[in-house]
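Taking it in order: structure first as structure tokens, then the write-up.
The values are calculated or read from the model by the stated rules, or taken from the named source; none is laboratory data. Only a predicted model underlies this, so the values are computations on that prediction, with no experimental measurement involved. Don't worry about glycine lacking a Cβ; one is built from the backbone with ideal geometry, like all the others, and counts go over all protein chains shown.
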Amino acid sequence: MSLASFLHDAASRFPDKPSVIFNNRTVSYSRLNVDAKRLALKLIASGVRPGDRVALHMYNGLDLAVSYFACLNAGAIAVPVNTRMKRPEIEYVLEHSGTSVYLGQFELFQEIDKSRPHLPNIKWFLVNGRGLETCSDDVTARESQVVAPDHPAVILYTSGSTARPKGVLHTHASVASAARDFNVASGDIVTIVTPMVHSAAFFTLVASVEAAATAVLVGRFDPAVVLDAIAQHHGTYMVAMPTMYRALIAEQKVRPRDVSSAKYFFAGGDAVPPELQKEFEQSFARPLHEGFGTTEAGLIAANWPCVENRVGSFGRAVANVDVMVVDDQGNPVPAGTEGEMIVRSAGNMVGYWNDPLGTEKAIRNGWVYTGDLVQKDADGYFWFRGRKREVIVRGGSNISPQEVEAVLYKHVGVREAGVIGRPDEIWGERVIAFVSRRPGPPVTADELIDFVSKRLAAYKTPEEIVFLDELPKNATGKILRRDLFEIYPDSPIGRFGRRCGNKPWSL
């Protein structure tokens, strides 16, 4: 079954039911299905064939939802483009994917317009719905392309730690499996606030359509807009980043909304500190459930509302997903022992686009090696311990940046925190913490170092604190530790000193 059939089936069963709500415009399932088929026919009339790549450069909204299902109808491979990318980054994605058609919005197209002469493989640039050959509006008698479940559906470029993003290739079948793991029900009103050009929101959109639920799309994250949307449309389900939930808490305190319709609030994509979960429940009278997923494997584990929510854990493996914790040799480790998490499921990616070596390294014997360090307790709950590539090694001891960040978040003066390791001539690496302050009396570097030293072993305590007005983040709001390396280049020991944090830095 192709993903396009999800929309067709929903339109057949519930033609008048709202499929998408955007900017207070409600689109029925029958309308969404017709619009997606019409655009698919335009793509086909313009020469797009099954397997061709079509770039989607759009903010959250109806245009992007229609474009996704148009590509799926046409048998094309959708290539969503990060809306925060600059021209060289966009050029790389378009060239690496072999995109032949670009669908974008005028505001975003300005970033790539001057690159057109350098992108000879792109035959058509469709901006704000203009640019493709026209075709008949009568789509009711036309059939979509016959697409097999193992046909490629989407290439999702990750914001990983490598110098260049990797194109994660999913088929119709793997997307369908990953989407089902989100457990969206027909009666849900799903508020989508993270960018739909990334995996979590894309999978959530597909899950909403398969369940014939209603998706409320938020164009760009604004806490006031999000809370208003939940209150107005009686939202029941949302997945967001921890940084987004902090903003929602602050906004709710200023102007409380009635969000009592909401049943499920999920957080993922970065560490979810227990303090954040406690503050959220105090503000919204609802628990904040932590989950964990990757672009390569979809949703892996979650604290579902129907089972015990263990604060600090990202839950147990979701149905039909096998998870193991292994050592460096790939052997399973006992419960309570730290190791790398590997995943096997129908939602696993096929591989990395045009990167056989990367694929071979990531997928071994049907298991995706995530690069995430975790512990599994005796009850099957997983506890995040860091990334293999982000682990700081000081004097032979491993330090998880997330562990240090979790302690920093407990201080009332800390709004955001990011921790990295930098070279040290004696100990191998030293711990550097980047912090943005909350409003109020400014906390000092010495105060934070003393605060952490009372809660963690001495070797885990940051030696330096660097204050920034805002920490660098990706499009979904995840703090980019790799960018912190660029802000703090290699330097002779003592160049900045322990009190360097008393001088505010700005990006």
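In the set Cys135, Cys71, only one residue is surrounded by 20 or more Cβ atoms within 10 Å (Cβ to Cβ) and either assigned to a loop (DSSP other than H, G, I, E, B) or modelled with pLDDT of 95 or more (or both); that residue is Cys71. When Ser186 is tested against (1) of a type in the set (Ser, Thr, Tyr); (2) surrounded by 24 or more Cβ atoms within 10 Å (Cβ to Cβ); (3) under 20 Å from Leu7 (Cβ atoms), just one condition goes unmet, and that condition is (2).
Can Asn354 be described as assigned to a loop (DSSP other than H, G, I, E, B), modelled with pLDDT under 95, surrounded by fewer than 22 Cβ atoms within 10 Å (Cβ to Cβ) and among the polar types (S, T, N, Q)? It is false that Asn354 is assigned to a loop (DSSP other than H, G, I, E, B), modelled with pLDDT under 95, surrounded by fewer than 22 Cβ atoms within 10 Å (Cβ to Cβ) and among the polar types (S, T, N, Q). Of the residues making up region 459-475, those that are part of a strand (DSSP E or B) and among the aliphatic types (A, V, I, L, M) are Ile465, Val466, Leu468. Can you tell me which residue is nearest to Val391 (Cα to Cα) among those in region 433-465 that are among the charged types (D, E, K, R) and in contact with a Phe, Trp or Tyr (Cβ under 9 Å, 6 or more places away or on another chain)? If we take residues in region 433-465 being among the charged types (D, E, K, R) and in contact with a Phe, Trp or Tyr (Cβ under 9 Å, 6 or more places away or on another chain), then Glu464 is nearest to Val391 (Cα to Cα). The helices (runs of 4 or more DSSP H) located wholly in region 156-255 that include 2 or more residues which are under 19 Å from the mean Cα position of the chain (by Cα), within 21 Å of Ala11 (Cα to Cα) and modelled with pLDDT of 95 or more occupy 172-180, 199-210. Find the residue count for region 387-412, including only residues that are at pLDDT 85 or above and out of contact with any Phe, Trp or Tyr (no Cβ under 9 Å at 6 or more places or on another chain). The total comes to 8. In summary, Ala346 fulfils each of the numbered conditions (1) over 30 Å from Tyr459 (Cβ atoms); (2) surrounded by 17 or more Cβ atoms within 10 Å (Cβ to Cβ) with the single exception of condition (2). Can we say Thr359 is part of a strand (DSSP E or B), closer than 30 Å to Arg53 by Cβ, polar (S, T, N, Q) and within 23 Å of the chain's Cα centre (by Cα)? When the stated conditions are applied, Thr359 does not pass them. Evaluate the following for Ile449: is it touching a residue at least 40 places away in the same chain (Cβ under 8 Å), in a strand (DSSP E or B) and of a type in the set (A, V, I, L, M)? No, not satisfied.
The rows are residues; the columns are (1) assigned to a strand (DSSP E or B); (2) at pLDDT below 95; (3) in contact with a Leu (Cβ under 9 Å, 6 or more places away or on another chain).
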position: Asp270; (1), (2), (3): no, yes, no
position: Phe280; (1), (2), (3): no, no, yes
position: Ser283; (1), (2), (3): no, no, yes
position: Ile300; (1), (2), (3): yes, no, no
position: Cys306; (1), (2), (3): no, yes, no
position: Gly312; (1), (2), (3): no, yes, no
position: Met324; (1), (2), (3): yes, no, no
position: Ile342; (1), (2), (3): yes, no, no
position: Asn348; (1), (2), (3): no, no, no
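Does Glu405 satisfy being part of a strand (DSSP E or B) and buried (at least 16 other Cβ atoms within 10 Å of the Cβ)? Answer is no for this residue.
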